[in-house]
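*Asks:* Sharing a structure, written as structure tokens. Questions coming.
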Amino acid sequence: MGLFRRLTGTRHPEAGVAPLAAAELRTALLALNGPDVPYRVRNALPKEKADLVAEWRLLEPATGVSFARKQVERTIRTRMRLVPDKHEVRTLDEQWEVTRIGDPPGLTTSRTYGRGPATTVHREWTYEKGADGRRHKVETFHFDSRDMKNPLRNAVLGGGWTWRGVLFKW
């Protein structure tokens, strides 16, 4: 795999997989929605310049107390443009992060925005006393952007289309 393809996350379908029609692929991507998934796949708005958008909004658990209390809100979005004549889905990843402080969190202390292929993993643990009387590390929060991106990419590849990440130009 070339460096550029690795940077963009471009993947090609297995040889011999017949490509679905664009409408069938769109249906397959929209079918990823459900009560057990934390993200939503929807038709894109005109201003998003895409055909479909997968979006995951989450609020991380607050940490600290009183004025030092901090809470982070994240939005991960993958815009998808279907290119039927090439049987490829061009994707652009975007990520927003807003940090708020206070109790209740209200004052915004920072905002960040990122664009381009990215994997975000965030985990938090606490120590709890186990049945054996010893302290054990217990995961209290888990977020991995691949939990959204992998099913999207697998649906595209399974439909015989190329998943093409975009770095700069949309």
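*Asks:* In the list Glu60, Glu48, which residue meets the criterion of being open to solvent by less than 50 Å² (accessible area, probe 1.4 Å), farther than 22 Å from Leu157 by Cβ, touching a residue at least 40 places away in the same chain (Cβ under 8 Å) and within 17 Å of the chain's Cα centre (by Cα)? Please lay out each step first, then the result.
*Replies:* Values: Glu48 fails: touching a residue at least 40 places away in the same chain (Cβ under 8 Å).
Glu60 is the lone residue from the list that is open to solvent by less than 50 Å² (accessible area, probe 1.4 Å), farther than 22 Å from Leu157 by Cβ, touching a residue at least 40 places away in the same chain (Cβ under 8 Å) and within 17 Å of the chain's Cα centre (by Cα).
*Asks:* Something else: Any chance region 152-162 includes a residue that's under 27 Å from Asp93 (Cα atoms), under 13 Å from the mean Cα position of the chain (by Cα) and open to solvent by less than 50 Å² (accessible area, probe 1.4 Å)?
*Replies:* Yes: one or more hits.
*Asks:* Specify the residue that is most open to solvent (accessible area, probe 1.4 Å); the eligible residues are those in region 70-104 that are modelled with pLDDT under 95 and either among the hydrophobic types (A, V, I, L, M, F, W, C) or at positive phi (or both).
*Replies:* Trp96
*Asks:* For region 106-170, list the strands (runs of 3 or more DSSP E) that sit wholly inside it and hold at least 2 residues that are over 30 Å from Asp85 (Cα atoms); which are they?
*Replies:* Of the strands (runs of 3 or more DSSP E) lying wholly inside region 106-170, those with at least 2 residues that are over 30 Å from Asp85 (Cα atoms) span 107-115, 121-129, 135-144.
*Asks:* Can I ask one more? For region 105-149, enumerate the residues that are under 30 Å from Arg11 (Cβ atoms) and open to solvent by 50 Å² or more (accessible area, probe 1.4 Å).
*Replies:* Thr112, Tyr113, Arg115, Thr119, Val121, Arg123, Glu139, His142, Arg146, Asp147
The values are calculated or read from the model by the stated rules, or taken from the named source; none is laboratory data. Predicted, not measured: the structure shown is a model, and the values here were computed from it. Positions of Cβ are generated from backbone atoms using ideal geometry, with glycine treated the same way; all protein chains shown enter the neighbour counts. Side chains included, ligands, DNA and RNA excluded: accessible areas come from the protein's heavy atoms. Shrake-Rupley method; radii C 1.70, N 1.55, O 1.52, S 1.80 Å.
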